[in-house]
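Remarks on the structure that follows.
The values are calculated or read from the model by the stated rules, or taken from the named source; none is laboratory data. This structure is a prediction, so every number in the text was calculated from the model and none was measured. Note: ideal-geometry Cβ built from the backbone for every residue, glycine included; neighbour counts use all protein chains shown. These accessible areas exclude ligands, DNA and RNA; they are computed on the full protein's heavy atoms, side chains included. Shrake-Rupley method; radii C 1.70, N 1.55, O 1.52, S 1.80 Å.
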Amino acid sequence: MRAGSVSKWFEGDGGRSVATSEMSLDAGSLAGRLPEGELVASCRTGDALAFAQLVRLHEGMVVSLSARLLGDPEEARDVAQEVFLQVYKRLGAFEGRSSLKTWIYRIAVNQCHNRRRFWHRRRRDRELPIDERVLAPLAALERRGGESPYHETLRRERARIVQAALLELRFEHRTVLVLREVEGLTCEEVASALGVAEGTVKSRLSRAREAMRRRLATLLEGEVAS
């Protein structure tokens, strides 16, 4: 189901069905009120408004991460729906050994990986035009106000080249680079989100940075040549 925001339906307390799009309207007054532990506890009791707050706090992060990993903002929104459906179903298994945000990152990365495998089986990743994969996420996620037309064009062109290079990386390298450099997680947090050793994260990050450097150099040479 395509949607501008997460709109999956969840069963609330007493069997009441509540859409997250509906809950978001009521969540504004809740934002920032509940500490994470209390928020999780309230969600586990079936508190629809608490879950609305959870979605409100993390939806933007999930959509942004998914768009960068997949290169398609519409697919990113679909993935976000599935991510929060999984969060709703699995919240009882959340043990608090990592932060809730890191736990949600892990679910989001897994869902993006599954979506890429779905694409690969249907060879869609080879059919989607590079401009659509690169420019659409940037246009949807990185609009800024107050810039002159020249500076906005320059920024968007730089962002286009970076995103193009990012999409050429192996998925595991792209993921670790986005989590560390874009989302700002520590290596320890990235390791927790990916379910791998911290040393593995550092190794992948080193390879990802080198691969990114090479891809950027190639793309920039192409821009100059053209």
Handout entry: Qualifying position, being open to solvent by less than 20 Å² (accessible area, probe 1.4 Å), in contact with a Lys or Arg (Cβ under 7 Å, 6 or more places away or on another chain) and either in a helix (DSSP H, G or I) or farther than 17 Å from LEU69 by Cβ (or both), among ALA191, ALA165
Key = ALA165
Practice task
Look at the stretch 44-74 and say how many of its residues are touching a residue at least 40 places away in the same chain (Cβ under 8 Å), open to solvent by 10 Å² or more (accessible area, probe 1.4 Å) and not in a loop (DSSP other than H, G, I, E, B).
Solution key: 9
Exercise for the section: Please verify whether the stretch 32-44 includes one or more residues that are closer than 29 Å to ALA164 by Cα, out of contact with any Lys or Arg (no Cβ under 6 Å at 6 or more places or on another chain), aliphatic (A, V, I, L, M) and at pLDDT 90 or above. Expected result: no
Fill in the blank from the handout: ARG90 vs (1) open to solvent by 50 Å² or more (accessible area, probe 1.4 Å); (2) within 16 Å of ALA193 (Cα to Cα); (3) touching a residue at least 40 places away in the same chain (Cβ under 8 Å): all pass except (3)
Problem - Top-ranked residue of the stretch 75-87 - restricted to ones that are under 10 Å from the mean Cα position of the chain (by Cα) and open to solvent by less than 20 Å² (accessible area, probe 1.4 Å), ranked as farthest from GLY46 (Cα to Cα) - result: ALA76
